[in-house]
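Working notes for the structure below.
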Amino acid sequence: MSGLALEINPALSPAQYADQYVAGRRIHIPQFLTTPSVRALVSYIESFRHWNLHLNDGNKHFDIHPNQRIQMSAEYFSTLRKSVDRGATHGFQYIFENFPIYDAWHAGTCPQPLSILFEFLNSEPFLSFARVLTGFEDIEFADAQLTKYSKGDFLTVHNDDVQGKNRRAAYVLNLTTQWRADWGGLLQFHASNGHISDAYTPCFNALNVFSVPQPHSVSQVSTFAPRSRYSVTGWLRTG
């Protein structure tokens, strides 16, 4: 896996999507990476085992590490899930698995394939693509986390606007090889009248980009979904 080489599909030009992005403040770009590079990356991610359970309690964020999860009793985990479900009824709530690529890379603890991925997301080809696409010439770097949504996981509506984070846009690189819309896990955009104005199915090798702030959510993955939903997500940020 040390030979992983990630490359943007040479058939894509950010200029061809820029007008649509500016008009709608979001875009879905299929077949973003070249096929060999994305297949190698997905093969690694599907065998990855170092997932944190990522959830919140109000404004407090928690990462439950794998060794901590092993020590949880079934009763405790059931109580935890019920608490999460209650939180989702009326407020901002999420639960899914993640690996914090950005933090691990800066700490020097990021596995090599994910380090290569992070360095690709911060390479001039990717950042230049993002600047032309969004019109934000001051984008300087991308942060990143690897995410895994399994049965019952979700992320309720929010807008990503956090003071001091300097987020110009959010991105989602979808890495699930096969997915159906009725399995859930859709990236949903919320209109002011309470309706869903748009939604993206997590299509394999598609890049979704949307401006910040913008109300959005990830719908709950169905109990009958036969696999997990994988993606790399983060924000395109200024200094």
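The values are calculated or read from the model by the stated rules, or taken from the named source; none is laboratory data. Predicted model, so just to flag it, every value in this text is computed and none were measured. Glycine gets a Cβ as well: all are built from the backbone with ideal geometry, and neighbour counts include every protein chain shown. We work out accessible area using only protein heavy atoms, side chains counted, and drop any ligands, DNA or RNA first. Shrake-Rupley method; radii C 1.70, N 1.55, O 1.52, S 1.80 Å.
Grab the other residues whose beta carbon is less than 13 angstrom from that of R237, score K and R as +1, D and E as -1, and report the net.
-1
Would you calculate, for the chain, the mean residue ellipticity at 222 nm contributed by helices, counting each DSSP H stretch of 4 or more residues as -39,500 (n - 2.57) and dividing by all residues, to the nearest 500?
It comes out at -9000 deg cm²/dmol, rounded to the nearest 500.
Run the simple label-point estimate for C203 and K82 please: 7 Å along Cα→C-beta, distance reported in nm.
4.2
May I ask for the net charge around S123, where only other residues with Cβ less than 13 Å from the Cβ of S123 are counted and Lys, Arg are +1 while Asp, Glu are -1?
Local charge sum for S123: -3.
Rounded to whole Hz and in sequence order, give me ³J(HN,Hα) for segment 181-186 from the Karplus expression 6.51 cos²θ - 1.76 cosθ + 1.60, θ = phi - 60°, writing x for Gly and Pro.
Going residue by residue, I get 4, 6, 8, x, x, 7 Hz, with x marking Gly and Pro.
First check a/c for segment 10-70, with a ≥ b ≥ c the square roots of the eigenvalues of its C-alpha gyration tensor; if it is under 1.5, answer rounded, and if not, answer prolate when a/b is larger than b/c or oblate otherwise.
oblate
Multiply the residue gap between F224 and A15 by 0.36 nm, knock off their C-alpha separation, and tell me the result in nm, one decimal place.
71.3 nm
Between segment 192-239 and segment 1-80, what is the C-alpha centre distance in whole Å?
The two parts, judged by their Cα centres, are 10 Å apart.
D138 to V22: extension gain in nm, 0.36 nm per residue of separation minus the Cα-Cα distance?
40.2 nm
Take the Cβ-Cβ distance between Q68 and H158 as r, set R0 to 25 Å, and report the resulting FRET efficiency rounded to the nearest 0.05.
Calculated value: 0.45.
Rounded if a/c is under 1.5, else prolate if a/b beats b/c, else oblate: with a ≥ b ≥ c from the C-alpha gyration tensor eigenvalues square-rooted, which is segment 59-138?
oblate
May I ask for the net charge around I95, where only other residues with Cβ less than 14 Å from the Cβ of I95 are counted and Lys, Arg are +1 while Asp, Glu are -1?
Net charge around I95: +3.
Out of the total accessible area of the chain (probe 1.4 Å, heavy atoms of protein only), what percent is carbon and sulfur?
For the chain, the apolar C and S fraction of the accessible surface comes to 51 percent.
Leaving out ligands, DNA and RNA but keeping every protein chain, what accessible area does E7 have, in Å² rounded to the nearest 10, with a 1.4 Å probe?
Accessible area of E7: about 100 Å².
Provide the FRET efficiency to the nearest 0.05 for the N193-Q112 pair, computing r from the beta carbons and using R0 = 45 Å.
The computed FRET efficiency comes out at 0.45.
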